[in-house]
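Note sheet for the following structure.
Nothing in this text is a laboratory measurement; each read-out follows from the coordinates by a stated rule. Predicted, not measured: the structure shown is a model, and the values here were computed from it. Every residue, glycine as well, gets a Cβ built from its backbone with ideal geometry; the counts of neighbours run over all protein chains shown.
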Amino acid sequence: MDQTPGTNFPRSRDLQKAPGGSFTARLHGLLLARFILLGPDGGEFGKLRLHGASKARFESGDYSATLETSGGRYRMLDFYPGGGEVLTANTRRCSSGELEIYCEGQTYGARVSLLRNLAIASYPGGERAIRLSGSLTGRSYDALFAADDGGMLPVAIFLLWYLATNRRRAYRVGRLAGGKKM
């Protein structure tokens, strides 16, 4: 895996203005789910559209990126012609809920709890970089991160996609497998 994705994120001036260390994501729709991303001032700065369990599209102003997965490997790709990988991630071996994320030349370790609807990414030394927490129903999420690290926003968007998609998948599998009342 390429550990240093080549595209600088973001390209859009609109995206560079947002969101200053935090954002809130609100889910709109059920079948054609999309998250509206709101900055600290409550203004919309982007959208994350979920396309099934293996793809999503992030849009902000004139910037667009695709998120995709294949097996235990994840990528965020710049949508512009000639654009490359913005972010790559792998699940850690022999571990459930742990990821290794590469973005902007930085490595992050992440722990994800689907049950608690929580994702925390840390620098290699263990210092917390991002905290993403969701509501019980998964219809809203809050992200907190260091505004001065250029890789924080794409990692936070990736974690939002990863957490929301895997919670939806777990719910569907549970409903299909069990379907029994307790």
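Among the residues making up segment 103-139, those that are without any contact (Cβ under 8 Å) to a residue 12 or more places away in the chain and either touching a strand residue (DSSP E or B) at 6+ places or on another chain (Cβ under 6 Å) or aliphatic (A, V, I, L, M) (or both) are LEU115, ARG128. Pairs meeting the criteria (first residue in segment 140-165 and of a type in the set (Asp, Glu), second residue surrounded by fewer than 20 Cβ atoms within 10 Å (Cβ to Cβ) and part of a strand (DSSP E or B), beta carbons under 6 Å, at least 6 apart or on different chains) are ASP142/THR24; ASP142/SER133. Scanning segment 96-117 for residues that are in contact with a Lys or Arg (Cβ under 8 Å, 6 or more places away or on another chain) and under 17 Å from ARG169 (Cβ atoms) gives GLY97, LEU99, LEU114, ASN117. Scanning segment 60-83 for residues that are more than 17 Å from PHE45 (Cα to Cα) and small (Gly, Ala, Ser) yields SER70, GLY71, GLY72, GLY82, GLY83. Taking the conditions (1) within 20 Å of ARG75 (Cβ to Cβ); (2) of a type in the set (Gly, Ala, Ser); (3) within 12 Å of the chain's Cα centre (by Cα) in turn, GLY109 satisfies each one other than (3).
Only one entry of ARG34, ARG93, ARG57 meets the criterion of being in contact with a strand residue (DSSP E or B) (Cβ under 9 Å, 6 or more places away or on another chain), without any contact (Cβ under 8 Å) to a residue 24 or more places away in the chain and more than 13 Å from PHE158 (Cα to Cα), and that entry is ARG34. When the residues of segment 128-151 are filtered to those that are among the aliphatic types (A, V, I, L, M) and part of a strand (DSSP E or B), the one that is surrounded by the most Cβ atoms within 10 Å (Cβ to Cβ) is LEU132. Scan segment 137-168 for residues that are among the polar types (S, T, N, Q) and closer than 13 Å to ALA119 by Cβ and jot them down. Selection gives THR165, ASN166.
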